[in-house]
Amino acid sequence: MLDIKISVIGLGYIGLPFSMILAKSGFKVNGYDVDNKKLKKLKSKKYLFEEKNLNNLIKNQKVLKNLSFTNKLKLANLYILCLPTPLNKKNNCDYQYIHKALKEISKVIKDKDKIILESTVEIGFTDKIKKILEIKKKKLKIDIYYVSEKAIPGNTLYEMIYSDRIIGSNIGNKEFISKLYKSFVKGNIFITNNKEAEATKLIENTYRDFNIGLATNLSQILKEKNVDYKKVFNLSNRHPRVNILSPSFGVGGHCIPIDPYFLENKKSGLISKIRKINNDYIDVISKKINLFIKNNESKKICFWGFGYKLNTNDTRESPPLKIYNKVRKSNCFASDFNKSLKIRNFLKSNSALKKCDLHLIFNLNDSCINRKFKNKKFVKALDLIN
């Protein structure tokens with residue numbers, strides 16, 4: 001099996017770590033991307049991850065030997081698509097990146113080649129890939145699989161290796177796909193059909209969205225009744241089959257705010273109602289933040305911690321970033337200890353610490369707060385909300 005040539009298409013949060021894992025396992029991997037700046041950094045070995053173990057893996061001798069990078073798709077036996085599938089204006093899945101990739105694959109694909117789709121898609125899309133390719137090329141004898149990605153920013157490698165994997169296979173060689181993932185996955189592997197595998201991914205994230213929405217809605221109901229929701233949640237969770245989550249700043253990231261719409265996109269549907277609860281909560285928080293700013297209008301206030309959750313710099317669909325963008329006050333600034341953000345009134349961290357009188361902290365962990373804000377006046381945004 002190690003003699004197959006693999007092309008991983010899309011070197012983002014999923015594709016690049018996945019490429020490295022496969023290369024370390026002994027496969028010859030060609031990483032394809034259209035971002036030339038990223039490719040230049042990767043080829044010059046100057047690319048930095050925010051996760052230490054990923055920075056260590058990219059320097060691994062097997063990875064250095066087996067992994068190459070290109071902006072021109074090369075001949076392979078296996079093509080793995082790890083591409084974003086954002087929402088379009090109508091809250092449907094936007095397949096533009098996948099369609100562009102399939103156009104490139106159609107130029108080089110051969111009989112008996114294989115395709116794996118790891119991107120999150122609507123139920124039934126994987127089965128359409130063969131027809132899409134055959135529009136551009138004569139009938140092909142190829143295997144097509146759906147395997148949903150497993151990763152979480154801050155713990156990517158562990159999730160990819162130790163999570164159970166659900167593999168969809170309608171017309172593919174099940175022995176091949178099972179062996180491929182068993183070469184690096186330590187969790188269990190379950191083979192099903194493509195539609196069921198696609199549905200599993202969507203339901204996982206819809207379930208999480210519902211639970212967050214439930215906790216958010218319950219907390220607001222209890223606040224209106226002057227009841228301590230934290231205490232009630234803790235007591236309720238004493239029940240062996242109850243696990244109410246703790247509301248934070250809303251729902252962010254690349255999966256949970258997006259994927260439920262791929263399952264159902266009806267304005268009157270339950271999924272849309274839960275999505276509205278979680279989206280509207282950002283407005284509720286923004287009003288409280290604006291009141292805080294009004295009460296401190298003589299101070300220069302700096303916002304920190306724009307990752308969509310703790311322990312990540314990933315700002316995709318970030319609630320703290322959305323909240324900051326709703327605040328239109330001249331005395332408000334933004335900063336970050338790890339990277340520059342393209343947002344208004346952004347200051348480098350050293351400048352922000354010197355210039356600002358008050359620091360409003362969203363998603364930074366306590367060790368970082370204690371280390372960076374020693375002798376500084378700060379407020380945790382979560383305390384204002386609660």
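The values are calculated or read from the model by the stated rules, or taken from the named source; none is laboratory data. Worth saying up front: this structure is predicted, and the values here are computed from it rather than measured. Reconstructed Cβ throughout: ideal geometry from the backbone, glycine too, with neighbour counts over all protein chains shown. Keep in mind that these areas ignore ligands, DNA and RNA; they rest on the heavy atoms of the full protein, side chains included. Shrake-Rupley method; radii C 1.70, N 1.55, O 1.52, S 1.80 Å.
Below, the figures for the structure above:
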{"read-out": "Test: residue 295 is under 20 Å from the mean Cα position of the chain (by Cα) and either open to solvent by 60 Å² or more (accessible area, probe 1.4 Å) or over 30 Å from residue 54 (Cα atoms) (or both)", "value": "no"}
{"read-out": "The range 298-331, subset under 20 Å from residue 287 (Cβ atoms) and of a type in the set (A, V, I, L, M), residue most open to solvent (accessible area, probe 1.4 Å)", "value": "321"}
{"read-out": "Filtered residues of the range 239-258 (kept if among the polar types (S, T, N, Q) and open to solvent by less than 90 Å² (accessible area, probe 1.4 Å))", "value": "248"}
{"read-out": "2 or more residues of a type in the set (A, V, I, L, M) and either at pLDDT 95 or above or surrounded by 15 or more Cβ atoms within 10 Å (Cβ to Cβ) (or both): qualifying strands (runs of 3 or more DSSP E) within the range 16-123", "value": "78-81, 114-117"}
{"read-out": "Of residues in the range 125-137 being touching a helix residue (DSSP H, G or I) at 6+ places or on another chain (Cβ under 6 Å) and not charged (D, E, K, R), the one surrounded by the most Cβ atoms within 10 Å (Cβ to Cβ)", "value": "126"}
{"read-out": "In the range 259-272, the residues that are more than 10 Å from residue 202 (Cα to Cα) and either aliphatic (A, V, I, L, M) or surrounded by 15 or more Cβ atoms within 10 Å (Cβ to Cβ) (or both)", "value": "265, 270, 271, 272"}
{"read-out": "Leading residue by the ranking (nearest to residue 213 (Cα to Cα)) among those in the range 279-292 that are open to solvent by less than 20 Å² (accessible area, probe 1.4 Å) and of a type outside the set (A, V, I, L, M, F, W, C)", "value": "281"}
{"read-out": "The listed residue being open to solvent by 10 Å² or more (accessible area, probe 1.4 Å), in a strand (DSSP E or B) and touching a Lys or Arg at 6+ places or on another chain (Cβ under 6 Å), out of 191, 161, 166", "value": "191"}
{"read-out": "Residue within the range 366-374 that is of a type in the set (Gly, Ala, Ser) and surrounded by fewer than 19 Cβ atoms within 10 Å (Cβ to Cβ) present", "value": "yes"}
{"read-out": "Cross-chain or 6+ apart pairs with Cβ under 6 Å, the range 17-38 first and free of Cβ contacts under 8 Å to residues at least 24 places away in the same chain, then in a helix (DSSP H, G or I) and open to solvent by 10 Å² or more (accessible area, probe 1.4 Å)", "value": "none"}
{"read-out": "Residue 152 being part of a strand (DSSP E or B) and open to solvent by 10 Å² or more (accessible area, probe 1.4 Å)", "value": "no"}
{"read-out": "Pairs with Cβ under 7 Å, 6+ apart, first in the range 257-276 and in contact (Cβ under 8 Å) with a residue 40 or more places away in the chain and assigned to a loop (DSSP other than H, G, I, E, B), second surrounded by 14 or more Cβ atoms within 10 Å (Cβ to Cβ) and among the polar types (S, T, N, Q)", "value": "265/91"}
{"read-out": "Positions within the range 208-238 being among the hydrophobic types (A, V, I, L, M, F, W, C) and surrounded by 17 or more Cβ atoms within 10 Å (Cβ to Cβ), in sequence order", "value": "210, 212, 215, 218, 233"}
{"read-out": "Scope the range 332-356; condition open to solvent by 80 Å² or more (accessible area, probe 1.4 Å) and over 27 Å from the mean Cα position of the chain (by Cα); matching residues", "value": "350, 354, 355"}
{"read-out": "Residue pairs meeting the criteria (Cβ under 7 Å; at least 6 apart or on separate chains; first on the phi > 0 side of the Ramachandran plot, in the range 73-93; second in a loop (DSSP other than H, G, I, E, B))", "value": "91/265"}
